[in-house]
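The values are calculated or read from the model by the stated rules, or taken from the named source; none is laboratory data. Since the structure is predicted, the reported quantities are computational estimates derived from the model, not experimental observations. Backbone-built Cβ (ideal geometry, glycine too); neighbour counts: all protein chains shown.
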Amino acid sequence: MPSASTQAAAAARRAEALGARLPPLLVAAERVAATVAQGVHGRRRVGQGDSFWQFRRFIAGDPIGRIDWRQSAKSGRPAPDGWFIRETEWEAAQTVCLWRDTSASMRWRSRGAAVEKRERAGLLLLALASLLLRGGERVTMIAPDARPVSGRSGLDRLADALGTEADDDAGVPPHVSLPRHARVVLFGDFLSPLEEIQAAVGRLAAIPVSGYLLQILDPAEADLPYSGRIRFRGLEREGDTLIPRVEGVRHEYGRRLTAQQEGLAAICAAAAFGFAIHHTDHSPETALLGLYTALTAR
Amino acid sequence: MIFAAPWVLLALPALPLLWWLLRVTPPAPRSENFPAIRLLMGLHAREETPARTPWWLLLLRMVAATLVILALARPVLDAGSLLPGSGPVLLVVDNGWAAAGDWPRRMQAINTVLDRAERANRQVALLVTAPDETGAAPRIAAPSPVADLRPRTAALHPEPWPPDRAAAAIALAAWHQPGTAVVYLGDGLAHEGVPGSGPGQAPGSGSGQAPGSGPGQAPRSGPEQAFSGFAAALGQAGTVTELRSNAAPPARVLLPPRSEADRLVVRVAQAPQPLGSEATVLAQSGDGRTLARAVVNLSAGAGEGSASITLPPELRNRLTRLVLEGPPSAASVVLLDERWRRRPVGLLAGELATADTPFAGSLYYLRRALTPYTEVREADLATLLKREISVLILADRPLPEGAELDTLTKWVEQGGLLIRFAGPRTAEQPIGETDPLMPVKLLGGDRQLGGALSWAEPAGVAQFSASSPFAGLSVPDEVKVNRQVLAEPSAALSSHTWAALADGTPLVTEAARGAGRIVLFHVTANADWSNLPLSGLFVDMLRRLVAMSAGVAPTSDTAVLAPAETLDGYGLLGDPPQAATGLPANEIATTVASPRHPPGLYGPENGRRALNLGGNLAGLQATPPVAGARIEDYAAAVPEHALGPPLLAAALVLLALDLLVALGLRGLLRPSRVGVTVLLLGLASVPGAHALETDTNPALATRLGYIVTGDAQLDSVSRAGLEGLSDYVNRRTAATLVEPDPVEPGRTDLSYYPLLYWPIAPEAQGLAPEQAAALNDYMSRGGIILMDTRDSGSGAGFAPGAGSALQRVGQGLVVPPLAPLTTEHVLARAFYLLQDFPGRYTGDAVWVQRDQDRANDSVSPVIIGGNDWAAAWAVDSAGRNPYAVMPGGARQRTLAYRFGVNLVMYALTGNYKGDQVHVPAILQRLGQ
């Protein structure tokens, strides 16, 4: 049994390999969460950064070292009027908050499926984080005592954090304070009642943050491929139910599932969240590409 | 088909109820974990098909239930009809010799009768008509439930003597139970009563219930009367059902063969049959090989048939039994004793020119007398003695000193019977010169009785004394002796005399020489000196003499011969039963086999006499059916089959199938799991692999052996050592040795072991004679013993006294002259080239046979040393060597193993590697 850290490192390498074919992800951000961390998002204000913003005249008290002597010489005016200070644009990093559903229902796969939903969620989360970190963004988990990470080493810390995550049967992100205008990406099966999900998303939208919601489903959950007389048991103490003839309820189930997904889509649209569905028997690249597109589009 | 418990069938109408119950009870649902259960809650299928047991599963369960009900009703296929009457069943079984032929079928018939009685819940009494081994007369066992009787009937077996119907009739007369059904399983032959087994002859052993008048006379009545009386008694006891079989082979008896000049005439008797048939007789030697085969034709209506077996005398002498091919029984075996042996007789005359002259030649009468009974050979002495010959007759042939006398003396001392006849040439022998091959000292010249110049009348022959082998032969008055040679009177003369004249002068004298014997007729072999050769007495005397040859000590006829080995009901020789008693020799010819005198071999080992069952049986007569009896053919009847157990088994199989199906419907049976389970079960049944295979049959694999010393520590070292050596040999050479065996000389068969390791314990005592004999035999047949005193070199102090122990144990062994083992010896080059031969210790010389013995492939039968090789070879369970070598080093251990490999190779291949010494010379020659 390899140790937890080895496992985490392996998961990080897998996620990196998954995102290797995509360019670094720069989150499209109109407003960036207020942080002092240097990043790539210009704030259209003077501040710390690498990009040139403007020249301004020297005011007494400015440090001598900041005078752009070339520009001052070009002006042809005597000092100190002809002295110019070179100012750069304030460039800050966007903070992306990631969350993965750790409830028992995620820790399940049907007989034909290759991976559990939780495992797929973790992979996608890490792959996304890897892309973001390569893009210079800050990534944090939505958890009570999570610290944002950045840089290459951040991915390993994130993977470690994922590996030691405690199970939580809530099915929705916890209440934690997030930076305003941060971006949020939520991975989960979102099979809980829509009201709970709406409350959670509304809470996030009020911070305000915008984001993306990816519903990860097992193919069996999508299709209900059972037949005959089956007693279904819930994984989160929902109780059990005996279906005398499963093939007879397949259509009705599909309808209910669609309703759930439509409800989710509506919730997301109202909160300016993106929404997508991913099945664990589909390739994770597709889901990652969708996330990439969605996060760079705005 | 009938049902033994038909009321169980009442459960059959309950089957529809079971059908309904099974139908409305759906199978247990499969169970699945499902996260999206919230979406499923409260869902109901639109078309509600009630979950029901599938029809085929229902059918399976119904069939299983039906089978169980049918099985419990105990159906019986081919059941026999009910027995008449309502009282107990009396089962009367003939178990004499004649029943042995189809005994298994008779047992089946008995079991069928018991089954029928058991079904009718009737008690059964058993009467077997042959007296048992103790000689007790037949008696009826008290009626008992069938279950109690079955062990008794299972132990029934045919006896090697005839049934005693008369005594059985007496037992039947005492049976008074109303409503009895008598079932009689007869052998279909009328038998004489058995003398010595009836209550009259053996008081105390018989039953006391017989009325006083009957028993004394009954056993001696004729066969037919005995049977009719018996049949009448059967009829009186109850309603008789007789089981007979027309298909069964007729009971046959092999009669003792007639010995003729060049052949053996075998005879087979049976009750006359309407159709002709054939019987095959095999002549077998003592080791069970069939040396000849004769087909006897039994024509229709004939009670006896014969055929002849012609064999060379040497082969004929080896015959020990004749066997009638077919089912074994005591009547199909005839044991042959000395009476049937052929003894070749050699004839040699003193006067060769006239020996063959008709009526006058010295061999003429001898040849005429001997030819019908024995094989007669005539040639010169050297030619005669070249082949096996039992008796040599010299007619008036003096034996001068010389080669001929020496050969003849040797032959006589080895067991030959030399018969000499006197005559003119013998009488002319010079006085003082004694012929060493004469039984008595002769006076010179001859004595003439009667004739022109004599007053004496020709003398007659006196009656033979009881100690003479001629005893019992009647002496005709007309036998007269005119001339004879006289023996020198001495005190011992009369004890050497077998026949004398009326005046007491000896006519036939004898003397033992070594294992053989010399007999002298004091008259000529032709009619010159007496008319004895003209009489029948001459033929009888010669026959007796020839019969005496080849080591048969003449036993006086009244001597009681103890039973040595007797036949059982199936014709197998075994220990005599307790009731068997000795038999006077002269009564063997007239004795009918009985519990007191079962057929078999009697007498001492060197003079066995055979009592055969067929010897004194009266002509065999078939019996008519018992009057008024219902006849059933037991051979044609198909045995009863209880169908209950197979039906129950089928139901169990179906229910097991049902269990699998139910598990499958619940989703508990996954193909992968089933596969893994089957695979695991299969793996579990594969026996584990071992480094050295263990096998109990020593003949199937090569293995080493070690002689058990009784010292557990020493034996475990030997065992571990030989295991280590076997393992090493297996790894290094093409030889494959399995686990070594402990052996005990005299108890274990040593012939399987190429090499024995023998550690000599200091306290070892001398060998018991049988142990020494076994080891000597082993060594003489190419076995090798490695004797290890474990005291050489640095081990000298560890086993004090081993040297003297070796002397003690070696006393009984035939050990050849020994010499130290050198590097020139084959043992030093049999596999590895060795310079020295260390074991745990090293130093002292190892001793092997000094001289190359070509007979044994130059293999030394014994190798003696003190290097404690087993300890050096020993390997414990972890694969380590538990005993350190001294002085030490891996090299010494390797050399010890190499010596072991050489030893094994030497034992397995002999001097094969000895030829390698010539290789350089051969190569050199090839090169030139």
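For segment B:317-334, taking the residues that are touching a Ser or Thr at 6+ places or on another chain (Cβ under 7 Å) and on the phi < 0 side of the Ramachandran plot, the one that is surrounded by the fewest Cβ atoms within 10 Å (Cβ to Cβ) is identified as B:Glu325.
Only one of A:Gly234, A:Gly248, A:Gly239, A:Gly171 is in contact with an Asp or Glu (Cβ under 8 Å, 6 or more places away or on another chain) and at positive phi. Can you tell me which?
Among A:Gly234, A:Gly248, A:Gly239, A:Gly171, only A:Gly171 is in contact with an Asp or Glu (Cβ under 8 Å, 6 or more places away or on another chain) and at positive phi.
The requirement of being more than 14 Å from chain B (Cβ to nearest Cβ), among the β-branched types (Val, Ile, Thr) and either crowded, with 20+ Cβ neighbours inside 10 Å or not in a helix (DSSP H, G or I) (or both) is satisfied by A:Val201. For residues that are modelled with pLDDT of 85 or more and within 25 Å of the chain's Cα centre (by Cα), scanning just segment B:231-255, find the one that is farthest from B:Gly85 (Cα to Cα). The extreme case among them is B:Leu255.
Identify all residues within segment A:99-130 that are within 18 Å of A:Arg13 (Cα to Cα) and of a type in the set (Lys, Arg); write none if there are none. Once the filter is applied, which keeps residues that are within 18 Å of A:Arg13 (Cα to Cα) and of a type in the set (Lys, Arg), segment A:99-130 yields A:Arg118, A:Arg120. Applying the condition of being surrounded by fewer than 19 Cβ atoms within 10 Å (Cβ to Cβ) and touching a residue at least 40 places away in the same chain (Cβ under 8 Å) to segment A:215-226 and asking which residue is nearest to the other protein chains (Cβ to nearest Cβ) yields A:Ala222. Kindly establish whether B:Glu433 is over 51 Å from the mean Cα position of the chain (by Cα), in a loop (DSSP other than H, G, I, E, B) and at pLDDT 85 or above. No; evaluated as a whole, the condition is false for this residue.
A quick yes/no check of all residues on (1) without any contact (Cβ under 8 Å) to a residue 40 or more places away in the chain; (2) in the same structural domain as B:Leu408 (by TED's automatic domain parsing); (3) not in a strand (DSSP E or B):
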{"position": "B:Val296", "(1), (2), (3)": "yes, no, no"}
{"position": "B:Leu322", "(1), (2), (3)": "no, no, no"}
{"position": "B:Val334", "(1), (2), (3)": "no, no, no"}
{"position": "B:Leu347", "(1), (2), (3)": "no, no, no"}
{"position": "B:Glu351", "(1), (2), (3)": "no, no, yes"}
{"position": "B:Thr354", "(1), (2), (3)": "yes, no, yes"}
{"position": "B:Arg367", "(1), (2), (3)": "yes, no, yes"}
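Please work out if A:Ser150 is in contact with a helix residue (DSSP H, G or I) (Cβ under 9 Å, 6 or more places away or on another chain), at pLDDT 85 or above and polar (S, T, N, Q). Judged against the criteria, A:Ser150 is not a match.
Of all the criteria given as (1) facing another protein chain (nearest Cβ under 8 Å); (2) within 28 Å of A:Trp99 (Cβ to Cβ); (3) touching a Pro at 6+ places or on another chain (Cβ under 7 Å); (4) buried (at least 18 other Cβ atoms within 10 Å of the Cβ), the one not satisfied by A:Arg229 is (2). Would you check if A:Ala265 is more than 23 Å from B:Ile37 (Cβ to Cβ), more than 8 Å from chain B (Cβ to nearest Cβ) and either modelled with pLDDT under 85 or not in a loop (DSSP other than H, G, I, E, B) (or both)? Criteria not met by A:Ala265.
Among the conditions (1) at pLDDT 85 or above; (2) crowded, with 20+ Cβ neighbours inside 10 Å; (3) in contact with a helix residue (DSSP H, G or I) (Cβ under 9 Å, 6 or more places away or on another chain), A:Val246 misses just one, which is (1).
Can we say A:Leu257 is free of Cβ contacts under 8 Å to residues at least 40 places away in the same chain, part of a strand (DSSP E or B) and facing chain B (nearest Cβ under 8 Å)? Answer is no for this residue. For segment B:243-294, the set of residues classified as surrounded by 12 or more Cβ atoms within 10 Å (Cβ to Cβ), in a loop (DSSP other than H, G, I, E, B) and among the polar types (S, T, N, Q) consists of B:Ser245, B:Gln273, listed by residue number.
Please go through segment B:592-628 and pick out each residue that is within 30 Å of B:Leu83 (Cβ to Cβ) and surrounded by fewer than 20 Cβ atoms within 10 Å (Cβ to Cβ).
Kept after step one, since they are within 30 Å of B:Leu83 (Cβ to Cβ), are these residues of segment B:592-628: B:621-628.
Across segment B:592-628, the qualifying residues are B:Gln621, B:Ala622, B:Pro624, B:Pro625, B:Ala627, B:Gly628.
Scanning segment A:232-254 for residues that are in a helix (DSSP H, G or I), facing chain B (nearest Cβ under 7 Å) and either of a type in the set (Ser, Thr, Tyr) or within 27 Å of A:Ala170 (Cα to Cα) (or both) returns A:Glu252, A:Tyr253. A:Gly171 meets all of the listed conditions (1) small (Gly, Ala, Ser); (2) surrounded by fewer than 20 Cβ atoms within 10 Å (Cβ to Cβ); (3) within 14 Å of chain B (Cβ to nearest Cβ) but one, namely (2).
You will find that of B:Leu908, B:Leu923, B:Leu903, the residue that is among the aliphatic types (A, V, I, L, M) and closer than 20 Å to B:Pro820 by Cβ is B:Leu903 and no other.
Restricting attention to segment B:117-131, the residues that are touching a residue at least 40 places away in the same chain (Cβ under 8 Å) and more than 27 Å from B:Ile170 (Cα to Cα) add up to 1.
I need the full set of residues from segment B:795-812 which are in a loop (DSSP other than H, G, I, E, B) and either under 46 Å from the mean Cα position of the chain (by Cα) or modelled with pLDDT of 85 or more (or both), in order please.
If the condition is that a residue be in a loop (DSSP other than H, G, I, E, B) and either under 46 Å from the mean Cα position of the chain (by Cα) or modelled with pLDDT of 85 or more (or both), then B:Gln811, B:Gly812 are the ones that fit.
Look through segment B:71-113, keep the residues that are touching a strand residue (DSSP E or B) at 6+ places or on another chain (Cβ under 7 Å) and among the acidic types (Asp, Glu), and return whichever of them is modelled with the lowest pLDDT. Going through the qualifying residues, I end up with B:Asp78.
For B:Thr241, the criteria (1) among the polar types (S, T, N, Q); (2) over 30 Å from B:Glu338 (Cα atoms); (3) not assigned by TED's automatic domain parsing to the domain that holds B:Pro138 hold in every case but one, which is (3).
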